[in-house]
Amino acid sequence: MVNPLRGEVEITLDGIPHVARLTLGALAELEAALKTTSLLEMAARFEDGKFSASDVVAVIVAGLRGGGWRGGRDDLLSADIDGGAVAAAQAAAQLLARAFGVAAA
């Protein structure tokens, strides 16, 4: 069970639910993966709709790692994400919104 008040989002990979959360370490990893210079730049990229599928993958990987998952990008790319690309993009948006304290569905 995830706790949205802690910034957690559930992501199901290969039929197994995982907790994802953008901790400070996960945000630092994400910042490096997206080659952004600040958290604000990273958030604006998503807010402005200027993100790619690779960006979504980076957010999901960072969030899953922040939740304790030990996989990496290649593991996620080979996994079946419940709900597909749309659910992955929604989860990425929820992770960012919750990490920055914005009310999210």
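Those residues that are in contact (Cβ under 8 Å) with a residue 40 or more places away in the chain and in a helix (DSSP H, G or I), I need them from segment 74-86; list them, please.
First, pick out the residues of segment 74-86 that are in contact (Cβ under 8 Å) with a residue 40 or more places away in the chain: 76, 79-83.
If the condition is that a residue be in contact (Cβ under 8 Å) with a residue 40 or more places away in the chain and in a helix (DSSP H, G or I), then 76 is the only one that fits.
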Working carefully through the options 65, 98, find the one that is on the phi < 0 side of the Ramachandran plot, part of a helix (DSSP H, G or I), open to solvent by 40 Å² or more (accessible area, probe 1.4 Å) and in contact with a Pro (Cβ under 7 Å, 6 or more places away or on another chain).
-> 98
Selection within segment 22-51 - modelled with pLDDT under 90, within 13 Å of the chain's Cα centre (by Cα) and assigned to a loop (DSSP other than H, G, I, E, B) = 34, 51
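For segment 77-95, which residues satisfy the criterion of being under 16 Å from residue 30 (Cα atoms) and surrounded by fewer than 19 Cβ atoms within 10 Å (Cβ to Cβ)? Quick ask: steps written out before the conclusion?
Kept after step one, since they are under 16 Å from residue 30 (Cα atoms), are these residues of segment 77-95: 88-89, 91-95.
89 - this is the single residue of segment 77-95 that is under 16 Å from residue 30 (Cα atoms) and surrounded by fewer than 19 Cβ atoms within 10 Å (Cβ to Cβ).
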Can you tell me which of 22, 27, 13 is of a type outside the set (S, T, N, Q), under 13 Å from residue 88 (Cα atoms), surrounded by 15 or more Cβ atoms within 10 Å (Cβ to Cβ) and in contact (Cβ under 8 Å) with a residue 40 or more places away in the chain?
-> 13
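The values are calculated or read from the model by the stated rules, or taken from the named source; none is laboratory data. Keep in mind that this is a model prediction, so the values were computed, not measured. Because the Cβ atoms are built from the backbone with ideal geometry, glycine has one as well, and the counts that use them run over all protein chains shown. In case anyone asks, the SASA skips ligands and DNA or RNA and just uses the protein heavy atoms, side chains included. Shrake-Rupley method; radii C 1.70, N 1.55, O 1.52, S 1.80 Å.
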